Amino acid sequence: MDLRLVPAALTSWAVTAAGIVWLRAGAVAATLTAVAAAALIGWWAARRRLRGGADRRALASAVVAVAVVGSGFAVAVSLRVDAAAEHAITGYFGSDTSVVVTPSETPRVLDGGRTMIRGALVALAGAPSSGDVLVFASGAGYANLTAGQPAAFRARVSRPKRRDLTVAVLSAHGEPVPGEAAPIHRAAHRLRARFAESARLALPPDQAATLPALVLGDTSALSAQTTAEFRRSGLAHLTAVSGANVTIVCGAVLLSAVLIGPRAAVALAALTLVGFVVVVQPSPSVLRAAVMGAITLLAVLSHRRRQALPALAATVIALMIGVPELAVDVGFALSVSATAALVVLAPAWSRRLTGRGWPKPVADAVSVAVAAQLVTAPLVAGISGSVSVVAVLANLVVAPVIPPITVIGCAAAALCPLWPAGAELLIRFTGPEVWWLLGVARWAAGLPIAAVPVPSGAAGVLTVAIAAVAVAATWHWVVSHRRDTIVR
């Protein structure tokens, strides 16, 4: 396993997050901590190998590399934090002004009917501007805005409540004056709308509302009951397009190499990747998976070894450079931690289960479900204040239907603008799979001990993390012990 990029990835992430949350002092402290950790781990490893001068030179090089990476990211995040703190909008805190904001994703309707919009500031008091803002508003005019569609309105400007490089929180009032989105955003919105309409014509209401969420991350039609069932059963991640969707879609396209050749297949997969990200909108998990997919496609073209861990580490570094606010985004942390578990833990556990006589597909599925659940449970607990006890079982039972839903659904979505009748026909083939998924979610959520309440926030994260480590160690010991017993 190639670990050379891992220290740089962890350092860049830790320094960026600390710099955003605790400003310059946090970035410096994180850099010093990373250097000390690198020196300590390197010294311990060198003591075990006892190779003398070569190890000392390698240790010095590793420590210097971590120091350089940490210092560079500390400077970069400090500049970004200072720019946000000195933004022109800070002069309007506590007052009303006119703004133009472009939503970066589809507006979200919250409980109580309010609409939340994450977007980019385009104009402030009639002058061009920039910066990320969070908008809260009421009224259908705001809920009907689409990603990439600028809107002008008046708003009360407030200081951000959390540190994530957002420059202001805007409380909109009055009706927005919508502008025109870029052609690519209009095309993406039309495709999402046509796919949802085709699903309504081809499937029963509950399945028609769920399919767009599973394929394109469009949860606008999901009922509150379905959302609660998915959350309680540990299947909520399926309604937020993630790296798994990107992997399935690109993997399906790469299979065309048999017909059109590897280079053409990689080019087609790259075009599909770009189109998929635009249509589903670049959430943290999709951004992480898209960059990782692009790195993997480059590896295919260059005929170099494709290792998931170096690709994941390179993805983290690239995103910390380009989108540093992801360092404090929980969705990004969930995505990266789940992927790391699938790369590091799941293969080892699968090999041990296979050695005990388990069929490989079953061993792979169980290892993936257990690893993903254990590493993400602490963060989920900190957010929601509960842990799904049935998540592993529910994910195992629905795992076989996710690839066909994703592949057939994406094919149908691509066909919607060209041949709506053909798209509806394809969508019908997803009906049994979606029905099964909804049935499993309903059954699992209805179990008496489906979810266990835990403290929210840091207390919940720490409590569940300790429990997860204990479970992982027990599982690892049981699998290894049984395997050793069988071998003997």
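The values are calculated or read from the model by the stated rules, or taken from the named source; none is laboratory data. Keep in mind that this is a model prediction, so the values were computed, not measured. Here Cβ is always computed from backbone atoms with ideal geometry, including for glycine, and neighbour counts include all displayed protein chains. Keep in mind that these areas ignore ligands, DNA and RNA; they rest on the heavy atoms of the full protein, side chains included. Shrake-Rupley method; radii C 1.70, N 1.55, O 1.52, S 1.80 Å.
For the residues Ala467, Ala473, Ala412, the requirement of being at negative phi and modelled with pLDDT under 85 singles out Ala473.
Of all residues in the range 8-40, those that are in contact (Cβ under 8 Å) with a residue 60 or more places away in the chain, of a type outside the set (A, V, I, L, M, F, W, C) and either in contact with a Pro (Cβ under 7 Å, 6 or more places away or on another chain) or open to solvent by 20 Å² or more (accessible area, probe 1.4 Å) (or both) total 1.
Checking every residue in the range 227-236 against the condition of being in a helix (DSSP H, G or I), touching a Ser or Thr at 6+ places or on another chain (Cβ under 7 Å), closer than 30 Å to Val316 by Cα and open to solvent by less than 50 Å² (accessible area, probe 1.4 Å) gives at least one match.
Screening Ala67, Ala151, Ala74 for residues that are out of contact with any Lys or Arg (no Cβ under 9 Å at 6 or more places or on another chain) and over 12 Å from Leu170 (Cβ atoms) leaves exactly one candidate, Ala67. For Gly446, the criteria (1) open to solvent by 40 Å² or more (accessible area, probe 1.4 Å); (2) modelled with pLDDT of 90 or more; (3) in contact with a strand residue (DSSP E or B) (Cβ under 9 Å, 6 or more places away or on another chain) hold in every case but one, which is (3).
What do you reckon, is Ala213 closer than 27 Å to Ala421 by Cα and touching a Lys or Arg at 6+ places or on another chain (Cβ under 6 Å)?
No.
Screening Ala221 with (1) open to solvent by less than 20 Å² (accessible area, probe 1.4 Å); (2) modelled with pLDDT under 95; (3) among the small types (Gly, Ala, Ser) gives one miss only, at (1). Looking at the range 169-186 only, could you name the residues that are outside any loop (DSSP other than H, G, I, E, B) and either over 24 Å from the mean Cα position of the chain (by Cα) or not aliphatic (A, V, I, L, M) (or both)? Residues satisfying the conditions are Leu170, Ser171, Ala172, His173, Gly174, Glu175, Pro176, Val177, Pro178, Pro183, His185, Arg186. Scanning the range 349-373 for residues that are in a helix (DSSP H, G or I), more than 22 Å from the chain's Cα centre (by Cα) and in contact (Cβ under 8 Å) with a residue 60 or more places away in the chain turns up Trp349, Arg352, Leu353, Gly355.
If you check Ser61, Ser71, which single one turns out to be open to solvent by 50 Å² or more (accessible area, probe 1.4 Å), farther than 26 Å from Ser223 by Cα, touching a residue at least 40 places away in the same chain (Cβ under 8 Å) and not in a loop (DSSP other than H, G, I, E, B)? Break it down stepwise before answering.
On the way: Ser61 fails: touching a residue at least 40 places away in the same chain (Cβ under 8 Å).
So the residue among Ser61, Ser71 that is open to solvent by 50 Å² or more (accessible area, probe 1.4 Å), farther than 26 Å from Ser223 by Cα, touching a residue at least 40 places away in the same chain (Cβ under 8 Å) and not in a loop (DSSP other than H, G, I, E, B) is Ser71.
Among the residues of the range 155-171, those that are open to solvent by 40 Å² or more (accessible area, probe 1.4 Å) and either modelled with pLDDT under 95 or over 13 Å from Gly94 (Cα atoms) (or both) comprise Lys161, Arg162, Arg163.
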